[in-house]
Amino acid sequence: MSLFLSRHLAIPCLRQHGPSIGVPVRTGATHTIPPMRRSQIPNKHWNPLFRKERAAKFLKIELVDHEWDRKRARDEITPEEVKEKLKKMGIQPASQYNEKPLYISSTGALLDAYVPPEGDGKASLISTAGAKQVGEKMKGKGKTMSSVRKFRSYDEDFDPREWVDEALEIYIAAHRALADGEHELLHKFATEKAYPEMMNMAKRKTIRWNFIKSLEPPRVLHARHAEILSKENMFGQLTVRMNTQQTLAVYDRFGRLIHGSETVAKDVLEYVVFEKHLANIYGTWRLHAKIIPDWMPKREPGHLTYRVPSEASPKEATEKSTVQKDDKEDEGEKESIYDRFGRIL
């Protein structure tokens, strides 16, 4: 009780006498003076000279991490940590395998190529040749139907009778891209096998191609499918018979006509093979090849152009002939035999 009273009595005494007495006094917090900061002057060195030299005095040195090396020697570091460390150092992490990714977008051959019957489009069904055509057609119909069923397992709405219209559009688009010189677009409508075959001898030439009409509706004759490297990598091929009317004219680099005509239309009977990468979700049908049977007549070769030499005038021709005769006489004299006195024997 005495201690409590002494504390309360000491407070007014301190207030009367002030801080002269050496007793600690609890007062309110004093306000600190804010530092004077220069707001208008940039934080730069007062001397603009030797900026690069001042910056070069400080070097950031990356010390060797010996602890990381010890852990790596003890095989205590995971491959992810090694890859992260190499990326920080700017080194490409080495792959753990030597295999390279391989993508097969098309086959390089025909799957069980269709053999067109001789006289197709000419022999009637009543004749013996027409009856043979029907018999050969029935032989491979089972494989064709099984391949069509395989196509439908990847595309439920696939119907060969309706798909032939799309095949005709692909055929026209591929040939127009070739004629217009749109090589990048040609890759969209032609496979890697058909592209070099279509571009062969097409350099520095002007091609004028036009599709006029279809003489007969296109129809599917042959269908095949095959697996490449694995069962999941499936390819399909369809052979379409096309009887169309077209015009073709090819000009050389000097503008001279070397093949065909732009006005004369010709009937063209072709067996065109289309291919699709069935395993690819974004795969499309593309022109793959053309089947040319042995019995089909050979195409007319292109007319090669050459420079016609200028003809010499009659006077120049006579002068040349006399000069040639004199040269022959001189050669004869040189080849003759002489005696010891220098006379011709």
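The values are calculated or read from the model by the stated rules, or taken from the named source; none is laboratory data. The shown structure was predicted, so the numbers you read here are calculated from the model rather than taken from an experiment. Glycine also receives a Cβ, built like all others from the backbone with ideal geometry; neighbour counts cover every protein chain displayed. Each accessible area value is taken on the protein alone, full model and side chains, heavy atoms only, with ligands, DNA and RNA left out. Shrake-Rupley method; radii C 1.70, N 1.55, O 1.52, S 1.80 Å.
The one condition from (1) touching a residue at least 12 places away in the same chain (Cβ under 8 Å); (2) assigned to a loop (DSSP other than H, G, I, E, B) that residue 283 does not meet is (1).
Within the range 218-239, restricting attention to residues that are among the basic types (Lys, Arg) and surrounded by fewer than 15 Cβ atoms within 10 Å (Cβ to Cβ), the residue that is nearest to the chain's Cα centre (by Cα) is 231. Of the residues making up the range 91-110, at least one is assigned to a loop (DSSP other than H, G, I, E, B), touching a helix residue (DSSP H, G or I) at 6+ places or on another chain (Cβ under 9 Å), buried (at least 16 other Cβ atoms within 10 Å of the Cβ) and at pLDDT 85 or above.
If you filter the range 175-214 down to residues that are part of a strand (DSSP E or B) and aromatic (Phe, Trp, Tyr), you find that the one that is surrounded by the fewest Cβ atoms within 10 Å (Cβ to Cβ) is 211. Number of residues in the range 267-286 that are open to solvent by 20 Å² or more (accessible area, probe 1.4 Å), more than 22 Å from the chain's Cα centre (by Cα) and of a type in the set (Val, Ile, Thr): the value is 1.
Residues in the range 45-66 that are exposed (fewer than 10 other Cβ atoms within 10 Å of the Cβ), over 48 Å from the mean Cα position of the chain (by Cα) and either among the hydrophobic types (A, V, I, L, M, F, W, C) or not in a loop (DSSP other than H, G, I, E, B) (or both): 46, 49, 52, 53, 55, 56, 58.
Under the condition of being in a strand (DSSP E or B) and over 32 Å from the mean Cα position of the chain (by Cα), which residue from the range 244-259 is nearest to residue 181 (Cα to Cα)? Steps first, answer last, please.
Narrowing the range 244-259 to residues in a strand (DSSP E or B): 244-251, 257-259.
Now drop any that are not over 32 Å from the mean Cα position of the chain (by Cα), which leaves 245, 257.
Values: 245: 22, 257: 18 Å.
The qualifying residue nearest to residue 181 (Cα to Cα) is 257.
Within the range 254-266, residues that are over 15 Å from residue 300 (Cα atoms) and open to solvent by 50 Å² or more (accessible area, probe 1.4 Å) sit with their Cβ atoms under 8 Å from residues that are hydroxyl-bearing (Ser, Thr, Tyr) and part of a loop (DSSP other than H, G, I, E, B), at 6+ positions apart or across chains, in these pairs: 254/305; 256/305.
Checking the structure you have, find out if any residue of the range 8-23 is at pLDDT below 85, on the phi > 0 side of the Ramachandran plot and not hydroxyl-bearing (Ser, Thr, Tyr).
We begin by selecting, within the range 8-23, every residue at pLDDT below 85; these are 8-23.
With the extra rule that they be on the phi > 0 side of the Ramachandran plot, the set shrinks to 18.
Adding the requirement that they be not hydroxyl-bearing (Ser, Thr, Tyr) leaves 18.
Yes, that holds for at least one residue.
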